[in-house]
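Okay, structure first, notes after.
The values are calculated or read from the model by the stated rules, or taken from the named source; none is laboratory data. Every value quoted in this text rests on a predicted model; they were computed, and no experiment measured them. Because the Cβ atoms are built from the backbone with ideal geometry, glycine has one as well, and the counts that use them run over all protein chains shown. Heavy atoms of the whole protein, side chains included, go into the accessibility calculation; ligands, DNA and RNA do not. Shrake-Rupley method; radii C 1.70, N 1.55, O 1.52, S 1.80 Å.
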Amino acid sequence: MIGFAHTGDVGDGIAAEPIWHDPLVIAVPARHSLLTYKEVPLQELQGHPLVLCDPQVCEGYCRELKRLLNTLEHKLNVVEEVSSLDMMLTLVGAGYGIGFMTATKIPISQRPDVVIRPLAMDSAVITTYLLRPDGGNLSASVERFIVRLRDSSDG
């Protein structure tokens, strides 16, 4: 068996191989002061209300996002934790706060009331890991699938 996760912190007997690296972007209400930036510096998010993912639903993603946000000096102003991208975009569009998502989600997140901006830091990336048994024998079809995943991540 194989799986995917947004964290490489896995248990014994499981190998975690980074397979995709996806830049984080922010979703901002259409009329917001942060839109003066083409790339938003992370420290500019301090004090702004945030709409984050529910850690019970997206544990690995949330852990990586919190690791990034913990570099900020002030306490985070989390106004809502949501269980879906659609709910986050709805709340952002209504002006409740700023949300986070990965760049690959931009094509399915086009809304007139939300503007997407990249963060002004190269390290703002979410990594997707391929999880598989450490040293376990996988079927030939699963091995071929893994090779295709690796090939797709190379370019």
Exercise. Before we move on, is Met101 among the hydrophobic types (A, V, I, L, M, F, W, C) and not in a strand (DSSP E or B)?
Worked result: no
Exercise. Which ones in segment 1-39 are of a type in the set (A, V, I, L, M) and either touching a Cys at 6+ places or on another chain (Cβ under 8 Å) or more than 20 Å from Tyr61 (Cα to Cα) (or both)?
Worked result: Met1, Ala30, Leu34, Leu35
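Does Leu52 count as in contact (Cβ under 8 Å) with a residue 40 or more places away in the chain, at negative phi and open to solvent by less than 40 Å² (accessible area, probe 1.4 Å)? Steps first, please.
Numbers: in contact (Cβ under 8 Å) with a residue 40 or more places away in the chain: yes; at negative phi: yes; open to solvent by less than 40 Å² (accessible area, probe 1.4 Å): yes.
Yes: the conditions hold for Leu52.
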Exercise. Within segment 50-62, is there a residue that is of a type in the set (A, V, I, L, M) and assigned to a helix (DSSP H, G or I)?
Worked result: no
Exercise. Taking Lys38 and the conditions (1) touching a residue at least 60 places away in the same chain (Cβ under 8 Å); (2) part of a strand (DSSP E or B); (3) open to solvent by 50 Å² or more (accessible area, probe 1.4 Å), which numbered condition does it fall short on, given that it satisfies the others?
Worked result: (2)
Seminar exercise, completed: Out of (1) within 20 Å of His32 (Cα to Cα); (2) without any contact (Cβ under 8 Å) to a residue 40 or more places away in the chain, the one Ser83 does not meet is (1)
